[in-house]
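Readers should treat all values here as calculations from the given coordinates under stated rules, not as data from a laboratory. The structure displayed is predicted, hence computed values, not measured ones. Methodologically, a virtual Cβ is constructed for each residue, glycine included, from the backbone with ideal geometry; neighbour enumeration extends over all protein chains shown.
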Amino acid sequence: MARKNPFAGIMDNEGEKAKNPVALDYTIKGASRSIISSIDEMASHADKLLEGETIVDVDPDLVDESFARDRVNLGTADYEADFQQVLESIRLAGQHTPALMRPHPTAAGRYMLVFGRLRHRAAKELGIKLRAVVKKISDRDHVIAQGQENNARANTSFIEKALFAADIVQRKYDVDNSTALAAIGVDKPTLSKMLSVASIEPDLISAIGRAKAVGRDRWYELKLLLDKPGNSDIALGVAASPDVKQLSSEERFDKVVAKLKSSRGPKSKKQPSAEKAWSLSDDSVKVSTKDTGRAFTLALKSRDASKFGAYLSDRLERLYQEFQHNSKEGGD
């Protein structure tokens, strides 16, 4: 009998069902197989991950967080609504879906969480055991499972995915970024934009927060604005100001972008033009010049100005060659 899709109703205690989840498939290579749109296929691969594993009750104090960062400001007001929903669900009906963790790679007798961070936090607050599957997996499989489980939910924001992708790339599991592509479920151009956005100063990202409703294009727009000299300091000043800190994460993002768009930066000082005049002693020829730095204007005034001007024009190429020759030799 085919297994019933466990996500058809309530997905679990930690987030809404995503519209385009990604399968837990450790054989994925490159972008061509990185996006899988079927929730049933995602559930099937999730079964393979947990198949034959025993669900155990573990003291949450023995469980450490994942080594890979996938959330922004998890313990702040940015996550309060999501956490309270998980907390109340577990309080009233218990923990429907187990978390996944692995034996801690460096601390005997402890565990490392792969996914289920809100469930873990809720178990701590409620003073109950955490229901989890313990599975021995590699670091690479760890980040793929963590990322793809997040992709099956609607509560992980773009900036969180971008930071997670950058974390994976920096660990250099491969040279073609196939691990990051499999974990995040995007194509190479999107991954490139994610890595660009993830380079925004950490203090600014922390000050803005997860911005759950802000997507790729708007974060990339902010990145381009921040590339202008001085804008990073302006943005951090806005996001960290007391009145803006009281706003929601999305509103903080909007305030920063609006300020950067309205700020044109310091105006460049225009170089004053230099004007000079010269004439023969009998005033038969008068010359006036105007130098603005980017343009040099010369005006002749004499009875034969037209002929003299033509004479100079015919010899401009030779005069310029002499100028270049003298310049190379340190002349005027």
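The alpha-carbon atoms of segment 100-221, seen along their principal axes, cover 44, 34, 26 angstrom, with the largest extent given first. A simple rule links phi to the HN-Hα coupling: the Karplus curve 6.51 cos²θ - 1.76 cosθ + 1.60 with θ = phi - 60°, which for segment 214-230 gives 9, x, 4, 4, 6, 5, 5, 4, 4, 4, 5, 5, 6, 6, 6, x, x Hz, with x for Gly and Pro. In the structure displayed, which of Lys212/Lys259; Lys136/Lys172; Lys172/Lys193; Lys135/Lys193; Lys212/Lys261 lie more than 24 Å apart, Cα to Cα? With Cα atoms farther than 24 Å apart: Lys135/Lys193. Farthest towards the positive end of the charge dipole of segment 139-267, among the residues Gly230, Thr190, Ala211, is the Cα of Gly230, using unit charges on the Cβ of Lys, Arg, Asp and Glu. Of the trypsin sites (Lys or Arg not before Pro) in segment 193-262, not one is in a loop by DSSP (not H, G, I, E or B) with at most 12 other beta carbons within 10 Å. Less than 5 angstrom separates the built amide H of Ser66 from those of Leu113, all sequence-distant by 5 or more or on a different chain. Size of segment 102-161: Rg and Dmax of its alpha carbons, in Å, are 12.7, 35. Projected label points at Ala108 and Ser241, each 7 Å from Cα along the beta carbon direction, are separated by 5.7 nanometres. Measuring max minus min along each principal axis, the C-alpha atoms of segment 168-305 give extents of 85, 44, 21 Å (largest first). Here r is the Cβ-Cβ distance between Ala77 and Asp203 and R0 is 25 Å; the resulting FRET efficiency, rounded to 0.05, is 0.90. When segment 63-161 is described by a simple charge dipole with +1 on each Lys and Arg Cβ and -1 on each Asp and Glu Cβ, the residue from Ile159, His120, Pro98 located farthest towards its positive end is Pro98. Under a 5 Å amide H cut-off, with hydrogens placed 1.01 Å from N, Ala99 pairs with Arg131, Ala132, Val133 among residues at least 5 apart or on other chains.
Calculate, in whole percent, how much of the Cα-Cα pair population of segment 145-198 lies beyond 19 Å. When all Cα pairs of segment 145-198 are counted, 14 percent exceed 19 Å. As an exercise, use a Förster radius of 51 Å and the Cβ-Cβ distance of Lys188 and Ser279 to find the FRET efficiency, rounded to the nearest 0.05. According to the calculation, E is roughly 0.15. Give, to the nearest whole percent, the P(r) tail of segment 57-158 beyond 18 angstrom, counting all Cα pairs. Summing the P(r) tail past 18 Å for segment 57-158 gives 46 percent.
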